[in-house]
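To keep things clear, I will list the structure first and then write my remarks on it.
No lab work stands behind these numbers, since they all come straight from the coordinates. Quantities reported herein were computed from a predicted structural model and do not represent experimental measurements. Every residue, glycine as well, gets a Cβ built from its backbone with ideal geometry; the counts of neighbours run over all protein chains shown.
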Amino acid sequence: MLAGRPLLSRLFAVPLPQPPIHADLNGVFLLAVAAGYLIPFRDPDRGRGYLWVMGPLLKGGGALAFILDYIFRQSPRSFLIFAASDGALALITLYVLLTAPATASTRTPESRRP
């Protein structure tokens with residue numbers, strides 16, 4: 001989004017975004033999301049909430065948005081690659097969050113009592 005815009009435009013057979021600030025802001029957003037993943041990377045227990053928001057909610061919502069855009073606005077078929085990748089990340093994150101138990105540091109004080 002911030003670099004290589006003409007190449008991406010050619011690869012996906014779409015026009016360059018107008019005005020370019022839209023792509024710039026998307027790039028900044030993506031960098032912020034990527035930086036946010038440092039929280040669960042460094043402290044998985046503290047980062048569970050972030051993973052819920054960015055995994056099932058954001059990635060799942062993104063996958064749905066790409067599919068609906070393809071159906072109702074006839075966006076390029078190549079955009080379904082993003083739907084597939086976002087959907088896969090949403091499902092993987094959901095699976096991990098549901099199957100990996102939270103450790104003692106994420107439980108409430110009441111749940112630690114004998």
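Relative to the first principal axis of the alpha-carbon coordinates of the chain, what is the inclination of helix 21-36, with its axis defined by its Cα atoms, in degrees from 0 to 90 and to the nearest 10?
20
If the only charges are +1 at each Lys and Arg Cβ and -1 at each Asp and Glu Cβ, what is the size of the charge dipole of the chain around the Cα centre, to the nearest 20 debye?
My answer is approximately 140 debye.
Apply the Kirkwood formula to the chain: the hydrodynamic radius equals the inverse of the mean of 1/r over all pairs of different alpha-carbon atoms; give it in Å with one decimal.
Computed over Cα pairs of the chain, the Kirkwood hydrodynamic radius comes out at 16.3 Å.
If I fit a long axis through the Cα atoms of helix 80-99 and take the longest principal axis of the Cα atoms of the chain, what angle between them do I get, 0 to 90°, rounded to 10?
Helix 80-99 and the main axis of the chain meet at about 0 degrees.
Trypsin sites (Lys or Arg not before Pro) within the stretch 7-89: which are DSSP loop residues with at most 15 other Cβ atoms inside 10 Å?
When the trypsin sites (Lys or Arg not before Pro) of the stretch 7-89 are filtered for loop state and at most 15 Cβ neighbours within 10 Å, Arg46 remain.
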